[in-house]
Amino acid sequence: MNPDDDHIASALDAVREQIATTARRCGRQSGDVSLLAVSKTKPASAIRIAHRHGQRCFGESYVQEALAKQQELAGLDIEWHFIGPIQSNKTRDIAAHFDWVHSVERGKIATRLNAQRPVGMPPLNVLLQINVSGESTKSGVAPADARALAHEIALLPNLRLRGLMTVPAPCDDPVAQREPFRQLRELMADLNADGLVLDTLSMGMTHDLDAAVAEGATIVRVGTAIFGAR
Ligand SMILES: *Cc1c(COP(=O)(O)O)cnc(C)c1O
């Protein structure tokens, strides 16, 4: 193995171990939390190494960059997740080239993804990005507006609304880190009580992974801890 291989492989093992340890400590099964490897800005070669070490789900934030890597890696069994901000002129590519989208925050974008999902592909898995902490600079829909948007999206036949995603404001205190994740979990429970069927909480990154797992994350999105700093 060359040094790159070695580093990514041991970093992946360490992140898997961290997830498993935290899950067990919280009375959860480690298999209930899936690891999304966030490969934005990293080359296709890094994805190939992680794939060789058993990683199948990769997250990308920039459409053009992702399409180039997908082409390079054609033939590998990879589940592609789009996690970045979505511009209207990018929805066609996202609908055609991804399995999941974590960052839907407007009905108009959902309508376009639904209309542009190619015939013959399974419904696109969709998460609503929620702005839990309520900062004006952060993307995501306000919790108060989530219910109407979720019901609107749930009606679109080529999308499958699976749950919620959030990116909280950075915070170093491991206890305080849990609050926005707790709120996201409770919001999903409210929506399910309201007739929706959601099973996915996408929350937790390199610096707040443990807090997210403790509050019920089902997908954690980890870049830096696997691939190194960007
Ligand atoms: C970049 C990014 C991540 C990964 O962040 P790390 O701190 O590198 O783990 C997760 N989620 C989103 C939405 C991102 O843009």
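Bear in mind these aren't lab numbers, they're just calculated from the coordinates by the rules spelled out. For clarity, every value in this text was computed on a predicted model and none was experimentally measured.
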- line: Taking the stretch 40-105, the equivalent ellipsoid from its C-alpha gyration tensor has semi-axes in Å, biggest first, of 20, 11, 10
task: Find the relative contact order for the chain and round it to a whole percent, using C-alpha pairs within less than 8 Å whose residues are 6+ positions apart.
output: 20
field: Length gained when the stretch Asp6-Met121 is fully extended (0.36 nm per residue, less Cα-Cα span)
entry: 37.8 nm
message: My understanding is that a pair violates if its Cα-Cα distance is over 20 Å; which of Lys40/Lys69; Lys40/Lys90; Lys40/Lys108; Lys69/Lys90 do that in this structure?
response: Lys40/Lys108
- prompt: Tell me, what does the Kirkwood hydrodynamic radius of the chain come to in angstroms if you use every pair of distinct C-alpha atoms?
  reply: 17.9
